[in-house]
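Worksheet for the structure shown next.
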Amino acid sequence: MKLKKNLVLRQIAGYYMVMPVGRLSQICQPMHISGTAAYIWKVMEEGEFTLDSLVEAALKEYTDVTEERLREDICKFLELLDNNFMLDSGKAEPVMGVAKIQLGKKEKEHLQEMDKNG
């Protein structure tokens, strides 16, 4: 697993924000994350990662938390990122764009009739 390109972690006024840029900004919103999540993010920025590798890195950084708790929290964080199309996990992104539809005379009349009838 890895992070998608065009995501930038910024610290703004003491808060960590993940900022999508370019085309990605059309499908996901900026996200506020905690300092601990920002540490995990920086590990993820290094390239490919697994849940186990993130837990291992976090255990080295945070000694006052159990492995079970870290695993649970990191799993939820990864799920949040994936649901917001921030992970390169194979999940299809929403299709964005405009489509033109050509209607025949009968379809146009039908839609106009429906519009009149409310």
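It is to be established whether one or more residues within region 66-79 are outside any helix (DSSP H, G or I), within 23 Å of VAL21 (Cβ to Cβ) and at pLDDT 90 or above.
Among the residues of region 66-79, not one is outside any helix (DSSP H, G or I), within 23 Å of VAL21 (Cβ to Cβ) and at pLDDT 90 or above, which makes the answer no.
If a residue must be of a type in the set (A, V, I, L, M), in a helix (DSSP H, G or I) and touching a strand residue (DSSP E or B) at 6+ places or on another chain (Cβ under 6 Å), how many such residues does region 1-42 contain?
The qualifying residues number 1.
Among the residues of region 67-89, are any touching a residue at least 40 places away in the same chain (Cβ under 8 Å), among the aromatic types (Phe, Trp, Tyr) and surrounded by 11 or more Cβ atoms within 10 Å (Cβ to Cβ)?
Yes: region 67-89 contains one or more residues that are touching a residue at least 40 places away in the same chain (Cβ under 8 Å), among the aromatic types (Phe, Trp, Tyr) and surrounded by 11 or more Cβ atoms within 10 Å (Cβ to Cβ).
Would you confirm, using the coordinates I've provided, whether PHE49 is in a loop (DSSP other than H, G, I, E, B), within 24 Å of the chain's Cα centre (by Cα), surrounded by 11 or more Cβ atoms within 10 Å (Cβ to Cβ) and on the phi > 0 side of the Ramachandran plot?
no
Being exposed (fewer than 13 other Cβ atoms within 10 Å of the Cβ), touching a residue at least 24 places away in the same chain (Cβ under 8 Å) and of a type outside the set (S, T, N, Q) narrows it down to one of LYS42, LYS2, so name that one.
So the residue among LYS42, LYS2 that is exposed (fewer than 13 other Cβ atoms within 10 Å of the Cβ), touching a residue at least 24 places away in the same chain (Cβ under 8 Å) and of a type outside the set (S, T, N, Q) is LYS42.
For residues that are of a type in the set (Asp, Glu) and part of a helix (DSSP H, G or I), scanning just region 80-118, find the one that is modelled with the highest pLDDT.
ASP82
Sort out which residues of region 8-31 are closer than 23 Å to ARG71 by Cβ and not hydroxyl-bearing (Ser, Thr, Tyr), and write them in order of number.
Matches in region 8-31: LEU9, VAL18, MET31.
Which residues, taken from region 11-70, are over 21 Å from ASP88 (Cβ atoms) and among the β-branched types (Val, Ile, Thr)?
Across region 11-70, the qualifying residues are ILE12, THR36, THR63, VAL65, THR66.
The values are calculated or read from the model by the stated rules, or taken from the named source; none is laboratory data. Owing to the predicted nature of the structure, the values given are computational and were not obtained by experimental measurement. Glycine gets a Cβ as well: all are built from the backbone with ideal geometry, and neighbour counts include every protein chain shown.
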